[in-house]
Amino acid sequence: MAIIIGILAIVFIVMTVMVLGKTQSLLKGIRPTDSETSSEGEYVDDANNFNGYAMFVFWVISVVGVVWSFLYYREDFLPEAASVHGKETDYWFWVSMAVIMVGFFVVNSLLFFFAYKYRFKKGRVATFYPHNNKLEVIWTVIPAIIMAGLVFSGLKVWTDVMADAPADAEVVEIMGKQFGWQVRYPGVDDNKLGKYNFKLTDATNEFGIDLADENSFDDFTSNTEMHIPVGKPVLLKIRARDVLHSVFIPHMRVKMDAVPGMPTKFWFTPTQTTDQARAELGNPEFDFEIACTEVCGRSHFAMKLRLIVEDEATYNKWKREQKPFLAMNPDYIEKVPANLKAKAMKYLPVEESTNLVVAEDEATAGGAGTQAALK
Ligand SMILES: [Cu+2]
């Protein structure tokens with residue numbers, strides 16, 4: 001790469017020197033001189049010929065450069081889409097690209113070729129061609145139709161992407177914080193995320209889960225990976241705890257800002273499991289990845305989360321193996337209102353819940369109650 005830039009730099013420097021040299025000789029030509037032998041026309045002819053050829057050569061080099069850079073950087077383009085809408089947005093991206101490239105090559109080829117072909121020649125007079133309605137209509141209507149076609153097809157895909165998620169979508173909450181992603185699942189019992197309140201956030205309850213809402217009893221969290229099922233719509237509920245972050249899942253073509261105080265969302269349907277992607281790429285180490293694309297502070301670069309796409313059975317099995325937040329942090333049973341305690345209790349580890357039952361008995365009936373219960 002450095003070599004190419006070096007060569008280009010030398011080429012441009014040589015060209016600059018040559019152009020400057022030409023300018024000098026041109027100036028000599030138009031300056032009044034003592035002898036009448038110098039011919040102005042000859043200099044102008046030379047300069048115009050040089051510029052004409054230079055235009056032509058420049059365009060040929062540019063075309064080679066454009067094609068070369070496209071092929072060279074191909075592997076750095078976005079990876080193949082692994083979601084339903086991703087394939088559609090990619091399709092329209094490449095259609096737009098094709099149309100733009102055709103326009104680019106036609107217009108610029110003509111521009112540089114005409115600069116070369118119609119360079120100044122002695123005795124050639126330019127045609128005065130002030131107006132042509134037919135031409136005006138053609139070059140307005142054709143691009144307008146093409147652009148409208150692109151805009152409307154893009155708009156259709158965009159409204160599908162931004163529409164409400166299907167009712168059966170798997171709901172997953174993802175929250176950005178300096179510096180990492182945290183994930184919350186609605187649990188296996190109700191598939192409903194419990195309410196949250198930022199005022200309840202503390203070192204353990206990072207989500208600010210509101211345990212006064214019974215939907216939150218079976219919610220579980222993760223800060224190491226996100227699991228989702230293949231072939232099923234997944235609704236990401238996105239939020240940020242401190243500053244702006246942005247959820248980016250390149251393979252899924254998912255990208256949405258995470259804004260403090262303003263929940264956002266994005267739903268998508270994965271089409272490929274992690275295992276399928278690994279087999280296809282021949283790379284057993286491969287993983288889908290969630291990254292942050294909003295520079296959010298010193299360790300922004302480290303805001304990554306592994307995304308595991310698996311078949312529904314494996315996904316459901318994984319979900320059942322996860323322990324609810326309440327089970328991991330039994331102390332939080334105190335935050336549950338009295339009328340819901342019995343319901344919440346079944347999520348606690350066995351020994352914790354018996355202890356609590358005993359403690360409550362003691363609190364209500366005194367020592368005698370417990371003794372009676374033990375008899
Ligand atoms: Cu970030």
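Computed from the coordinates by the stated procedures, all read-outs in this text should not be read as laboratory data. On a predicted model such as this, the values are computed, not experimentally measured, just so you know. All Cβ positions, even for glycine, are placed from backbone atoms using ideal geometry, and neighbour counts span all protein chains on display.
Observations
- Pairwise centroid distance, computed over Cα atoms, of region 201-237 with region 267-342, Å: 9
- Selection from G154, T269, A54, by position along the positive dipole direction of the chain (Cβ): A54
- Kyte-Doolittle at least 1.0, axis length at least 27 Å by Cα - qualifying DSSP helices, the chain: 2-30, 133-162
- Each of T127, A165, P79 was scored by the projection of its Cα onto the charge dipole of region 75-174, and the greatest displacement toward the positive side belongs to T127; charges sit on the C-beta of Lys, Arg, Asp and Glu.
- Per residue Cα convex hull volume in Å³ - calculated over region 170-338: 112
- Computed P(r) (all Cα pairs; the chain; 10 Å bins; percent): 4, 15, 19, 16, 13, 11, 9, 6, 4, 2, 1, 1, 0, 0
- Beyond 23 Å in Cα-Cα separation lie the following of the pairs K192/K317; K192/K304; K156/K232: K192/K304.
- Between I7 and F50, the FRET efficiency estimated from the beta carbon spacing at R0 = 30 angstrom works out to 0.90.
- Fraction of beta bridges assigned by DSSP in the chain that are antiparallel (%, nearest 5): 70
- About the centre of its Cα atoms, the chain shows a dipole size close to 1500 debye [charges on the beta carbon of Lys, Arg (+1) and Asp, Glu (-1) only; nearest 20 debye].
- Amide hydrogen proximity for K237: with H placed 1.01 Å from N in the peptide plane, the residues at 5 or more positions away or on another chain lying under 5 Å are V172, E173, I174.
- Per-residue 3J(HN,Hα) values for region 208-218, derived from phi via the Karplus relation 6.51 cos²θ - 1.76 cosθ + 1.60 with θ = phi - 60°, read x, 4, 8, 7, 7, 9, 5, 5, 8, 4, 9 Hz in sequence order (x marks Gly and Pro).
- Take the Cβ atoms of M18 and K117, set R0 to 25 Å, and the FRET efficiency comes out at 0.70.
- Size descriptors for region 301-341, from the alpha-carbon set: Rg then Dmax equal 15.8, 45 Å.
- Shape category assigned to region 117-164 from the gyration tensor of Cα positions, a/c cut at 1.5: prolate
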